[in-house]
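The values are calculated or read from the model by the stated rules, or taken from the named source; none is laboratory data. Every value quoted in this text rests on a predicted model; they were computed, and no experiment measured them. In this analysis, Cβ positions are derived from the backbone assuming ideal geometry, glycine residues included, and neighbour counts consider all displayed protein chains.
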Amino acid sequence: MNTNGGQALIKSLELEGVEVIFGLPGGAILPVYDPILDSPIRHVLVRHEQGAGHMAEGFAHATGRPGVAMVTSGPGATNIVTPLADAYMDSIPMVVITGQVPLASIGTDAFQECDTLGITRGVTKHNELVTRAEDIPMAIRQAFHIATTGRPGPVLVDIPKDIVDPRNPASAMNWNWPTDAEVSSSMPGYKPTTKGHPKKIKEAAALIATARKPIIYAGGGILKARAAEALRELAELTGIPVVTTLMARGAFPDDHELCLGMPGMHGNYTAVTSIQKSDLLIALGSRFDDRVTGKVDSFAPDARIIHVDIDPAELGKVRRADVPIVGDCRLVIEEIIKALNALGGPESRIDITPWRQQVSAWQELYPLVYEQSIDGDLLKPQYVLEQLRDRSPADTIVASGVGQHQMWTSQYWKFNYPYTWVNSGGLGTMGFSIPAAIGAKVGRPDRTVWAVDGDGCFQMTAQELVTAATERIPVKIALLNNAYLGMVRQWQEMFYGERYSEVYLSPDLPDYVKWAEAMGCVALRVESPDEVGPAIDKANEINDRPVVLEFRTDASEKVFPMVSPGTSNDQIDVGPLQNGLGR
Amino acid sequence: MPPKYHVLSVLVENRAGVLARVSALFARRGYNIYSLAVAPTDDERFSRITVVVDVEQAPLEQVVKQLNKLIHVIKISELDPRDSVERELMLVTVKAPAEVRGQIIELVELFEGRIIDVGRDELALSLDEHPERLDDLEELLRPFGIIDLQRTGRVALPKLERS
Ligand SMILES: Cc1ncc(C[n+]2csc(CCOP(=O)(O)OP(=O)(O)O)c2C)c(N)n1
Ligand SMILES: [Mg+2]
């Protein structure tokens with residue numbers, strides 16, 4: 001016996017290339033924390049395990065590499081359930097290590113015991129309880145393999161204390177690092193399909209060549225597959241306009257003439273309407289989420305569908321595809337490009353100029369608009385975001401919380417680079433932005449990282465700013481303080497007859513500036529439009545500690561356009577400033 | 001047997017927790033599992049789960065795709081009853097006082113079942129047959145007074161080709 005389970009676990013993480021673990025120790029995981037002291041792996045000590053999970057997610061979003069979090073049993077494990085669910089919904093590669101009570105105590109209601117596997121089964125791509133020390137290296141190899149291949153996702157490895165505690169004989173083991181071949185043969189049921197079926201690829205090319213009103217509906221899968229370049233090539237070859245979903249912002253540059261921006265419930269008029277009127281929808285790594293389709297029966301009623309996804313379960317789940325293709329987005333797009341070129345030059349495809357002109361006309365008629373504030377009024381959130389965008393480096397990474405501020409950020413930011421948008425799409429997790437921004441900054445220390453947060457969200461995970469200050473992770477927070485759970489307020493205003501129930505938060509309780517300062521941040525309160533720019537410039541210059549800018553914003557501002565829940569995308573409400581235009 | 005039932009044969013890794021993963025996907029959607037039979041195959045590393053569920057075709061396809069995503073699931077086939085051979089085992093204890101005992105033994109013989117235990121006023125019997133034959137015998141025994149009844153859930157394999 002030349003090692004023990006605890007050391008083997010840390011060594012396995014090192015061999016998997018892990019640079020940083022986000023975590024917080026406790027009784028059951030203690031033996032694994034000891035060898036961390038001697039490991040080159042950086043450990044970021046969080047203030048709440050939810051923070052560790054979102055940091056790991058933010059790290060993965062920004063780098064494409066799996067994020068790693070480590071927590072103790074019981075409450076440590078339950079505290080990280082939300083990030084697991086978040087990562088599962090948004091297909092984020094993440095490995096979470098949880099401590100567990102000793103094997104003999106499992107199932108006895110031991111101190112800090114919970115059924116971690118049972119609790120997390122539905123919110124992980126896979127989870128595993130390791131019962132023998134010698135199985136640890138294989139379990140870690142499998143976890144990273146599963147998390148990062150096929151449709152990425154979170155994997156949890158539950159480690160009983162006795163198999164990692166050197167004082168316990170059960171932890172003694174001989175080191176053995178499984179080979180790639182051993183890893184794949186240990187999982188006979190796991191073989192993701194990456195190459196698209198050649199016949200289907202030909203069919204897709206034929207549909208593309210004969211479409212009059214095609215749209216590319218790009219989803220988060222483009223980013224997961226590292227397919228942004230391939231997507232651009234396809235769009236430029238064919239001249240087909242591209243919408244980028246909330247999860248795909250940055251997958252295709254916003255400043256590209258073919259980019260139509262975000263579709264969906266708060267998508268812009270052109271992105272929503274061009275999908276509705278299209279005769280061919282090329283869905284690439286997107287999943288026909290209800291926030292995109294609106295009422296499914298009336299979604300893109302005249303469109304034929306090409307649907308490319310690495311996950312076979314997505315094909316036909318919401319909308320039957322005329323050409324379903326299971327495969328990796330990058331590989332499939334590259335094959336489709338070849339198939340299109342094999343058909344001939346531009347003359348082999350139907351001229352879509354009239355469609356492009358129609359799309360441009362919509363863009364001209366319905367740009368995103370808002371009304372500037374008048375003197376003495378609260379700030380307009382859209383104005384703050386425009387200033388933030390224009391005064392920060394073009395490749396800034398932006399994380400956001402969930403609510404109105406998230407939708408405005410997605411709408412008003414210009415995402416011209418992939419992996420610059422870090423947000424919680426599928427689960428819609430309030431409190432995501434601060435820890436996710438910290439994780440992103442750890443992964444990309446060369447980049448400016450801003451978190452755009454709401455006051456409600458801020459109060460859920462602000463404590464991680466202590467982590468950021470302690471660890472010298474200089475993230476910047478733009479807090480849009482509208483004194484409300486704004487998105488819920490908007491629904492109550494629009495759909496519940498302005499009956500505001502439990503959405504008011506107060507603008508100055510807590511005092512965000514004092515709070516941020518107490519957590520080791522530089523903090524500024526911004527109340528008038530002419531202070532906005534200088535405050536942002538100042539924040540952008542600070543690089544040795546976190547900064548919080550609190551912007552006092554107008555609570556009556558609503559996110560438009562909006563497709564009301566349960567209605568058709570055809571009923572898109574462009575908002576009071578544009579109502580009646582062109583109709 | 002429910003009207004819209006489907007029989008799935010799921011080949012899985014023979015290890016802890018697999019059954020929970022499989023059944024959770026049905027439970028999450030509120031689908032009842034009508035019957036379930038699990039045992040190792042000829043290769044000890046794998047088990048076969050035969051599960052009968054009462055689900056419409058469209059949602060079933062989605063569940064099957066989700067089942068396929070489980071790391072420990074190797075292969076899933078839906079077995080159309082018309083193209084498969086099916087068997088189930090039933091054990092029954094039935095009231096059998098002297099005056100009806102002969103009738104019961106006759107029934108069991110008719111069905112080619114077996115008497116497996118004999119008590120003073122009771123008989124225990126077994127039948128392994130097509131699940132519908134089990135239904136029939138159960139029906140016919142009921143008037144005598146069934147004390148205990150246990151079925152295993154159906155197991156099935158595809159019919160062999162004959163051409
Ligand atoms: C954890 C969690 N709880 C509740 C919700 C429901 N919800 C969605 S947006 C929102 C309000 C968010 O408020 P704030 O952070 O102030 O953002 P704003 O909408 O005001 O920009 C709420 C409560 C949620 N998404 N996540
Ligand atoms: Mg708010």
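Tabulated values for the structure
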item	result
Qualifying residue in segment A:530-546 (condition: within 13 Å of ligand 2 (Cβ to nearest atom), in a loop (DSSP other than H, G, I, E, B) and not hydroxyl-bearing (Ser, Thr, Tyr))	no
Cβ pairs under 6 Å, 6+ apart, first in segment A:453-469 and within 8 Å of ligand 1 (Cβ to nearest atom), second part of a helix (DSSP H, G or I)	A:ASP453/A:SER433; A:GLY454/A:HIS405
Test: residue in segment A:276-291 that is surrounded by fewer than 23 Cβ atoms within 10 Å (Cβ to Cβ) and among the hydroxyl-bearing types (Ser, Thr, Tyr)	no
Matching residues in segment A:124-135 - criterion: being away from chain B (no Cβ under 11 Å) and either under 24 Å from the mean Cα position of the chain (by Cα) or of a type in the set (Lys, Arg) (or both)	A:ARG132
Selection from segment A:498-507 of residues that are within 15 Å of ligand 1 (Cβ to nearest atom) and over 12 Å from A:GLY454 (Cβ atoms)	A:TYR500, A:SER501, A:GLU502, A:TYR504, A:SER506, A:PRO507
Hits in segment A:407-428 - residues which are assigned to a helix (DSSP H, G or I) and without any contact (Cβ under 8 Å) to a residue 60 or more places away in the chain	A:THR409, A:TYR412
Top-ranked residue in segment A:296-323 [being in a strand (DSSP E or B), touching a helix residue (DSSP H, G or I) at 6+ places or on another chain (Cβ under 7 Å) and crowded, with 21+ Cβ neighbours inside 10 Å; ranked as nearest to the other protein chains (Cβ to nearest Cβ)]	A:ASP309
Matching option when the condition is within 12 Å of ligand 2 (Cβ to nearest atom), modelled with pLDDT of 95 or more and closer than 21 Å to A:LEU223 by Cβ, among A:VAL442, A:VAL452	A:VAL452
Unique residue being in a helix (DSSP H, G or I) and either without any contact (Cβ under 8 Å) to a residue 40 or more places away in the chain or surrounded by fewer than 17 Cβ atoms within 10 Å (Cβ to Cβ) (or both) when the list is A:TRP491, A:TRP515	A:TRP491
Some residue of segment A:64-77 being within 17 Å of A:THR149 (Cα to Cα) and part of a helix (DSSP H, G or I)	no
Restricting segment B:58-74 to residues that are in contact (Cβ under 8 Å) with a residue 24 or more places away in the chain and outside any strand (DSSP E or B), the residue that is farthest from the other protein chains (Cβ to nearest Cβ)	B:LEU60
Failed criterion for A:GLU19 (all others in (1) touching an Asp or Glu at 6+ places or on another chain (Cβ under 7 Å); (2) within 28 Å of A:GLY221 (Cα to Cα) hold)	(1)
Of all residues making up segment A:455-473, the number that are closer than 17 Å to A:HIS48 by Cβ and within 14 Å of ligand 2 (Cβ to nearest atom)	6
Subset tally (residues that are under 23 Å from the mean Cα position of the chain (by Cα), small (Gly, Ala, Ser) and farther than 30 Å from A:GLY239 by Cα) for segment A:359-406	5
Residue list for segment A:479-488, filter: more than 6 Å from ligand 1 (Cβ to nearest atom) and surrounded by fewer than 24 Cβ atoms within 10 Å (Cβ to Cβ)	A:ALA483
2 or more residues in the same structural domain as A:ILE325 (by TED's automatic domain parsing) and in contact with a strand residue (DSSP E or B) (Cβ under 7 Å, 6 or more places away or on another chain): qualifying helices (runs of 4 or more DSSP H) within segment A:163-226	A:198-210, A:221-224
Meets criteria (away from ligand 2 (no atom under 16 Å from the Cβ), in contact (Cβ under 8 Å) with a residue 24 or more places away in the chain and in a strand (DSSP E or B)) for A:ALA399	yes
Verdict on A:ILE163 being buried (at least 23 other Cβ atoms within 10 Å of the Cβ), at pLDDT 95 or above and touching a His at 6+ places or on another chain (Cβ under 6 Å)	no
Residue within segment A:101-108 that is out of contact with any strand residue (DSSP E or B) (no Cβ under 9 Å at 6 or more places or on another chain) and within 14 Å of chain B (Cβ to nearest Cβ) present	yes
Top-ranked residue in segment A:185-196 [being of a type in the set (Gly, Ala, Ser) and within 12 Å of another protein chain (Cβ to nearest Cβ); ranked as surrounded by the most Cβ atoms within 10 Å (Cβ to Cβ)]	A:GLY189
From A:ALA104, A:ALA8, A:ALA87, A:ALA56, residue being within 16 Å of ligand 1 (Cβ to nearest atom) and either touching a helix residue (DSSP H, G or I) at 6+ places or on another chain (Cβ under 7 Å) or over 19 Å from A:PRO154 (Cα atoms) (or both)	A:ALA87
Failed criterion for A:ASN482 (all others in (1) within 23 Å of the chain's Cα centre (by Cα); (2) within 16 Å of ligand 2 (Cβ to nearest atom) hold)	(1)
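So that you can scan it fast, the table gives a plain yes or no per residue for (1) modelled with pLDDT of 95 or more; (2) touching a Cys at 6+ places or on another chain (Cβ under 8 Å); (3) under 16 Å from A:PHE560 (Cα atoms); (4) aliphatic (A, V, I, L, M):
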residue: A:SER373; (1), (2), (3), (4): no, no, no, no
residue: A:GLN382; (1), (2), (3), (4): yes, no, yes, no
residue: A:LEU385; (1), (2), (3), (4): yes, no, yes, yes
residue: A:VAL398; (1), (2), (3), (4): yes, no, no, yes
residue: A:THR409; (1), (2), (3), (4): yes, no, yes, no
residue: A:THR420; (1), (2), (3), (4): yes, no, no, no
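The rows are residues; the columns are (1) out of contact with any Asp or Glu (no Cβ under 7 Å at 6 or more places or on another chain); (2) more than 14 Å from every other protein chain (Cβ to nearest Cβ); (3) within 12 Å of ligand 1 (Cβ to nearest atom).
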residue: A:GLY431; (1), (2), (3): yes, yes, yes
residue: A:ILE438; (1), (2), (3): no, yes, no
residue: A:ASP446; (1), (2), (3): yes, yes, no
residue: A:TYR496; (1), (2), (3): yes, yes, no
residue: A:LEU509; (1), (2), (3): yes, yes, no
residue: A:LYS514; (1), (2), (3): yes, yes, no
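To keep it simple, each residue is scored yes or no on (1) in a helix (DSSP H, G or I); (2) farther than 24 Å from A:GLY285 by Cα.
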{"residue": "A:ILE325", "(1), (2)": "no, no"}
{"residue": "A:VAL332", "(1), (2)": "yes, no"}
{"residue": "A:PRO354", "(1), (2)": "yes, yes"}
{"residue": "A:SER373", "(1), (2)": "no, yes"}
